[in-house]
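Have a look at the structure below before the remarks.
Read-outs throughout are calculated quantities, based only on the coordinates presented, and are distinct from any laboratory measurement. Since we're looking at a predicted model, the values are computed, not measured. So basically every Cβ, Gly included, is an ideal-geometry build from the backbone, and we count neighbours across all protein chains shown.
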Amino acid sequence: MATTQEQPEVLAFGAISFLRGHRQGKYPYCHTLLVRDEVLAVIDPSAEKATCRRLARDPRLKAVLISHFHEDHQKYLTFFPDEYIWVPASEVEAFAGLGGVLALMGIKDPEYLAYWQKTLQEEFHFRNRPQVKTFVDGTEFTFGRTRVQVLHTPGHTPGHSCFYFPRESILYLADIDLTPFGPWYGDEASDLDALLASLQRLEEVPARLYLTAHGQGVFPAAAGRQALRQFRQVIFDREAELLHRLQRPRRLQELVGQRLIYRKPLEPKFVYDHIERQMIGKHLQRLLKAGQIRETEEGYVATGRSH
Ligand SMILES: [Zn+2]
């Protein structure tokens, strides 16, 4: 039977192509990058099933780069041979086995643990890949005339990496995705201060074109730089709102229930409880460190001190 699934939109920038992900690259899909030079390289193979399967069978394929361990960036990695796969060195354990994924996410709730193991195996075809190769900040890949440099940009996850093509001045931002939702730091291993430092570093890259893994996906230079600043501002807006709510004491559990981050109830509830708890918790730690809130018997409360 013929497939009715649409072919992904492809935008070519010389040897570099942007494949728009299924459903506009919305989770559980993401946009995928290709380098078609003397060899074929694929970055974050999650755009669309049939396309990824075809790419995996291309005899010119030599490398598959994964920006970070999140499942929506490796939805169709299962089609690709392990010998070509490269991942961030600082989260290689999340590729070696499920235990590594669960540890970085910080999942302890047994219901969530069972749900997540099943989801990763059935929907994302997770399997242990102890043999993958690793890259670090500054690693450079050469695919014919096309070169790509790894920029280690931790925060979203410990190993999150962006890819910069210096000759073309194209910067792939992965999950620094410039969506209006803003940055995501909902794993236990996510780090808000590291993320802020990464965003600052990315603002200094002389890119003429920004590509992301979700949402709009393609941003010319000025629009990309502005979107990066707005994206960072979301962190400060969230923090200001949290501080406002702490004019009276509130416990973490109450704040989690208020859905300050997601703004609406989403299912499964235990997943979004976990993410809200992680993200609000990271803001609380920052505010405590800055002396803007303190912990009392009744919960966290603003001290009235400004930053
Ligand atoms: Zn991610």
Of the listed pairs 62/269; 26/108; 62/108; 26/62, those with alpha carbons more than 32 Å apart are 62/269; 62/108
Computed over segment 74-185, the relative contact order (Cα-Cα under 8 Å, seq sep at least six) in percent reads 23 percent
For the chain, Rg(Cα) over 2.2 N^0.38 Å is 1.03
Full extension between residue 113 and residue 303 adds, at 0.36 nm per residue less the Cα distance, a length in nm of 64.7 nm
quick note, the chain, DSSP beta bridge pairs, % antiparallel (nearest 5) is 70 percent
The local net charge around residue 40, scoring Lys/Arg +1 and Asp/Glu -1 for residues other than residue 40 whose Cβ lies under 10 Å from its Cβ, equals 0
Taking a straight Cα-to-Cα line shorter than 14 Å from residue 49, and setting aside same-chain aspartates and glutamates fewer than 8 residues away, one finds 6, 9, 72, 123
Dimensionless Rg/Rh of segment 104-177, both radii on Cα and Rh by Kirkwood, sits at 1.09
Computed about the Cα centre, the charge dipole of the chain from +1 Lys/Arg and -1 Asp/Glu charges at the Cβ has a magnitude in debye, to the nearest 20, of 520 debye
Taking the chain and counting helices only, DSSP H stretches of n ≥ 4 at -39,500 (n - 2.57) each over all residues, the nearest-500 ellipticity at 222 nm comes to -10500 deg cm²/dmol
Kirkwood Rh over alpha-carbon pairs of segment 44-177 plugged into Stokes-Einstein at 10 °C, 1.306 mPa s gives a D in µm²/s of 102 µm²/s
Computed over all unlike Cα pairs, the Kirkwood hydrodynamic radius of segment 247-302 in Å stands at 11.7 Å
For segment 137-149, in residue order, the Karplus 3J(HN,Hα) values (coefficients 6.51, -1.76, 1.60; θ = phi - 60°; whole Hz; Gly and Pro = x) are 4, x, 4, 10, 10, 10, 10, x, 7, 8, 10, 9, 10
